[in-house]
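Asker: Let me begin by handing over the structure; questions about it come next.
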Amino acid sequence: MERLQKILSAAGVCSRRKAEELIQAGRITVNGKTASLGDRADWDRDDVRLDGRALAAPAERRCLMLNKPRGYVTTLADERGRPTVAELVADCGVRVYPVGRLDMDSQAPQQDGGSLAHRLAHPSHGMEKEYRVTVSGRLEGCAERLSALRKLEDGSPIAPARAAALLREPGRWVLSVTIRQGLNRQVRRMCAVAGLRVHRLERVREGPLTLGDLPPGCWRPLTAAEVSALSAQP
């Protein structure tokens, strides 16, 4: 499901800002009903019309996986002039949109995929996100403390996570941490509550999609099997 403003923009009708004006003017309908700001629709299932005329679907939609390196922000444009993920996929041939949030100092796979994006990004689907986290600090028992956490530092409740030590080095451990919610900077905040300092954070899996050996800063199309596996998620 995508916001109507995004659908109108992708169809080449107008900008997203202009789309808001069209919606407020009552000129957009979804399945015969006048749309309102905030409404969403699915290209594959819903009948979206402007002044009674059906919108043409985009010529092509692509599902990509990008290994976002540290130092890039997850947005199409940044008012502060920082490097964005849009620059890394500029050669993919179509305009794509990043899925989900990831802070500038983290590394992870990111995707674009129309209605499939909703399955990855929306908390209601509870899609698992697995991270590799290099930490120092109170190391003994840290995996157990992370797994037992039920609140963040501000009292926000969190669902149980799964944490395990993968590699133990003097003064630092590499942990696997799997969550389902994806609150803002959740893993970093969990580590802080558990008395840990994060030196490196990399998301290596999101639902059925794994990063594999994709180098940082590079992208690839999702395979048919990956799209099918993602579509099959509840």
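The values are calculated or read from the model by the stated rules, or taken from the named source; none is laboratory data. All of these numbers come straight from a predicted model, not from anything done at the bench. Because the Cβ atoms are built from the backbone with ideal geometry, glycine has one as well, and the counts that use them run over all protein chains shown. Just so you know, the surface numbers come from the protein's heavy atoms only, side chains and all, with ligands and any DNA or RNA stripped out. Shrake-Rupley method; radii C 1.70, N 1.55, O 1.52, S 1.80 Å.
Asker: Under 9 Å between Cβ atoms, which residue pairs at least 6 apart in sequence (or on different chains) link something in region 179-192 that is in contact (Cβ under 8 Å) with a residue 24 or more places away in the chain and at positive phi with a partner that is buried (at least 16 other Cβ atoms within 10 Å of the Cβ) and in a helix (DSSP H, G or I)?
Answerer: G182/A121
Asker: Can I ask one more? Can you pull out every residue in region 27-53 that is loosely packed, with under 11 Cβ neighbours inside 10 Å and under 20 Å from R16 (Cβ atoms)? If you could, list the steps in order and put the result at the bottom.
Answerer: Initial filter on region 27-53 (loosely packed, with under 11 Cβ neighbours inside 10 Å): 32-33, 38, 44-45, 51-53.
Those that are loosely packed, with under 11 Cβ neighbours inside 10 Å and under 20 Å from R16 (Cβ atoms): G38, D51, R53.
Asker: If you go through region 14-26 one residue at a time, how many are open to solvent by less than 40 Å² (accessible area, probe 1.4 Å) and not aliphatic (A, V, I, L, M)? Don't jump to the end; show me each part of the working.
Answerer: So in region 14-26, the residues open to solvent by less than 40 Å² (accessible area, probe 1.4 Å) come out as 14, 19, 22-23, 26.
Filter again for not aliphatic (A, V, I, L, M), leaving 14, 26.
Here the count works out to 2.
Asker: List the number of the failed condition for W173; all other conditions in (1) surrounded by fewer than 17 Cβ atoms within 10 Å (Cβ to Cβ); (2) under 17 Å from R145 (Cβ atoms); (3) of a type outside the set (S, T, N, Q) hold.
Answerer: (1)
Asker: Next up: Just the residues that are part of a loop (DSSP other than H, G, I, E, B) and either free of Cβ contacts under 8 Å to residues at least 40 places away in the same chain or open to solvent by 40 Å² or more (accessible area, probe 1.4 Å) (or both), please, taken from region 131-167.
Answerer: Step one: of region 131-167, the residues part of a loop (DSSP other than H, G, I, E, B) are 138-141, 149-150, 152-156, 158-161.
Across region 131-167, the qualifying residues are R138, E140, G141, R150, E153, D154, G155, S156, I158, A159, P160, A161.
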